[in-house]
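All of the numbers you see were taken from the coordinates with simple rules; none came from a lab. Only a predicted model underlies this, so the values are computations on that prediction, with no experimental measurement involved. Reconstructed Cβ throughout: ideal geometry from the backbone, glycine too, with neighbour counts over all protein chains shown.
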Amino acid sequence: MLGWIYKRLYRTFGKRHWWPAKSAVEVVAGAILTQNTAWSNVEKAIQSLEKKKLLTAERLYRLKTKNLAEAIRPSGFFNVKAKRIKNFLSYLFRRWGGNLETMFLQPTGPLRKELLAIDGLGEETVDSILLYAGGKPLFVVDAYTRRVLSRHGLLRGNERYEEIQDYFMDTLPRHAPLFNEYHALLVEVGKRYCRKSPLCTSCPLDPLPRTKRGCQDFIRAMEKKR
């Protein structure tokens, strides 16, 4: 079923070219900045950093936290996110001399465990860094993934992050470009169709069965209002 979903979404949307970044440092910053905000706000914050020529590990590391917070203000929760970026950079320079390439050469499991120990970095953020910046074959699970799969009965909806991740990684070939594209496609169908108020009948996944907790209830409610 996961293979069918991927093919269906890929035929509909094509290659998503995700993550849109010019460097690994930009991906890391973006993964932290995207916490609890829309991507459009992240883009504004990234543009601010780029305009100030701050998108290198060294420059961000040397920058005062308050100045970093001001630079990323468009992302929202900018004081918290500035601290989280600085926490990551402190780890990067202490552990790997500030070299992202060296960090990403490390075995995935131990490296993931170390990154998860950094204050403010959760599973989705860490896996985004490892997949999109480091090319590690880890599937990123987000709210869109949960919503799309649970509405079609492939998830209950209350699974732990690692349970959903294992479902993808045990079913699909462990190939980073595949995980990259699949996650981006789920985000796309989630944004366009599988919204909180879903557009089920025009969705490319409409042939799939829907759970009573998902799209069918919404459609029935709309029909009653007519």
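Brief remarks follow.
- Projected label distance in nm at Thr108 and Ser197, using a 7 Å step from Cα toward the beta-carbon: 4.0
- 222 nm mean residue ellipticity, helices alone, for the chain (DSSP H n ≥ 4; -39,500 (n - 2.57); rounded to 500): -18000 deg cm²/dmol
- Calculated diffusion of the chain, Stokes-Einstein form, Kirkwood radius summed over Cα pairs, 20 °C and 1.002 mPa s, µm²/s: 114
- Here's the list of lysines a cross-link from Lys66 could span, going by alpha-carbon distance under 28 Å and ignoring same-chain residues fewer than 8 apart: Lys22, Lys44, Lys51, Lys52, Lys53, Lys81, Lys83, Lys86.
- For the listed peptides 38-50, 107-119, a ranking on the average number of other beta carbons within 10 Å per residue, highest first, reads 38-50, 107-119.
- Nearest-0.05 FRET efficiency for Asp170 and Tyr61, computed from C-beta distance (R0 45 Å): 0.75
- Residues listed by number, the range 161-205, amide nitrogen under 18 Å from Lys15 label point at 7 Å toward C-beta: 175-186, 188
- Here the relative contact order of the chain, from alpha carbon pairs under 8 Å that lie six or more residues apart, stands at 22 percent.
- More than 17 Å apart - percent of Cα-Cα pairs taken over the range 31-154: 60
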